[in-house]
Amino acid sequence: MFNISSRPPMYDQNSVQPMRDELVAVGFTELLTPNEVEEAVKVNNNETVFVMVNSVCGCAAGSARPGIGMALQNNIIPDKLYTVFAGQERDAVDKTRELVGNVPPSSPSFALFKNGQLVHFMHRYEIEGNMPQQISEYWREIFNEHCSKQGPSIPPEHFAKVMHAKACGSKIPLYQG
């Protein structure tokens, strides 16, 4: 699921697919173009929009993706979940960073928007060195404060399958529900 109509990806598509699948499996939708990013984030409907800038780095694999997956098992979650992939759909990532504002570029990172405005941001330096459970607890608090949609993002039994597949190196089971 990549867009090569603009600047070419920096990484082999087959190599990064499991990193994409991990987020899609817990409820994220990929944004592949700057226009898709703008349409997703710049809404004025009182819904919360959560965007993760995904990455190939170790802190994305070891902390960010598993941590946010656990956070989305919360009983309160953002209304919309989106992801862009650093080094892949580079123009979409640039648009996301533009909408974040005066925050230095960061991948991985997390941004929560409401009515097109940034509500909360987590930079890579806040992810590095933290365990997935710490990332999860942090974002659950933010979700409880700013969001209102009933969670979890996927049923707990499916989430258990995703985490098992990640732990044992199997193919991530995509949720079809």
Seminar exercise, completed: Here the residues within the stretch 131-150 that are closer than 19 Å to Gly58 by Cβ and open to solvent by 80 Å² or more (accessible area, probe 1.4 Å) are Met131, Gln133, Gln134
Seminar exercise, completed: When restricted to Asn44, Asn35, the only residue at pLDDT below 95 and either in a helix (DSSP H, G or I) or open to solvent by 10 Å² or more (accessible area, probe 1.4 Å) (or both) is Asn44
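Looking at the structure I just gave you, is Asn75 touching a residue at least 40 places away in the same chain (Cβ under 8 Å), surrounded by fewer than 17 Cβ atoms within 10 Å (Cβ to Cβ) and out of contact with any helix residue (DSSP H, G or I) (no Cβ under 7 Å at 6 or more places or on another chain)? Can you show your working first?
Values: touching a residue at least 40 places away in the same chain (Cβ under 8 Å): yes; surrounded by fewer than 17 Cβ atoms within 10 Å (Cβ to Cβ): yes; out of contact with any helix residue (DSSP H, G or I) (no Cβ under 7 Å at 6 or more places or on another chain): yes.
Criteria met by Asn75.
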For this session: Name every residue in the stretch 47-72 that is open to solvent by less than 30 Å² (accessible area, probe 1.4 Å) and either part of a helix (DSSP H, G or I) or out of contact with any helix residue (DSSP H, G or I) (no Cβ under 9 Å at 6 or more places or on another chain) (or both), in order of residue number.
Result: Cys59, Ala60, Ser63, Ala64, Arg65, Pro66, Gly67, Ile68, Gly69, Ala71
Seminar exercise, completed: Pairing a residue in the stretch 140-154 that is of a type in the set (S, T, N, Q) with any residue that is open to solvent by 60 Å² or more (accessible area, probe 1.4 Å), where Cβ atoms lie under 7 Å and the two sit 6 or more apart in sequence or on different chains, gives Gln150/Asn75
For this session: Give the residue that is surrounded by the fewest Cβ atoms within 10 Å (Cβ to Cβ), with candidates limited to residues of the stretch 78-104 that are touching a strand residue (DSSP E or B) at 6+ places or on another chain (Cβ under 9 Å), free of Cβ contacts under 8 Å to residues at least 40 places away in the same chain and part of a loop (DSSP other than H, G, I, E, B).
Result: Gly101
Problem set entry | Sole residue being in contact with a Cys (Cβ under 8 Å, 6 or more places away or on another chain), buried (at least 16 other Cβ atoms within 10 Å of the Cβ) and not in a helix (DSSP H, G or I), chosen from Ser153, Ser107 | Ser107
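Residue under question is Glu128, and the condition is that it be of a type in the set (D, E, K, R) and either over 29 Å from Pro8 (Cβ atoms) or open to solvent by less than 60 Å² (accessible area, probe 1.4 Å) (or both); does it hold? Full working, then the answer.
Working: of a type in the set (D, E, K, R): yes; either over 29 Å from Pro8 (Cβ atoms) or open to solvent by less than 60 Å² (accessible area, probe 1.4 Å) (or both): no.
No: the conditions fail for Glu128.
The values are calculated or read from the model by the stated rules, or taken from the named source; none is laboratory data. These numbers were taken from a predicted model, which means no experiment stands behind them. Please note: Cβ atoms are built from the backbone with ideal geometry, for glycine as well, and neighbour counts cover all protein chains shown. Remember, those area values only see protein heavy atoms, side chains included, never the ligands or the DNA or RNA. Shrake-Rupley method; radii C 1.70, N 1.55, O 1.52, S 1.80 Å.
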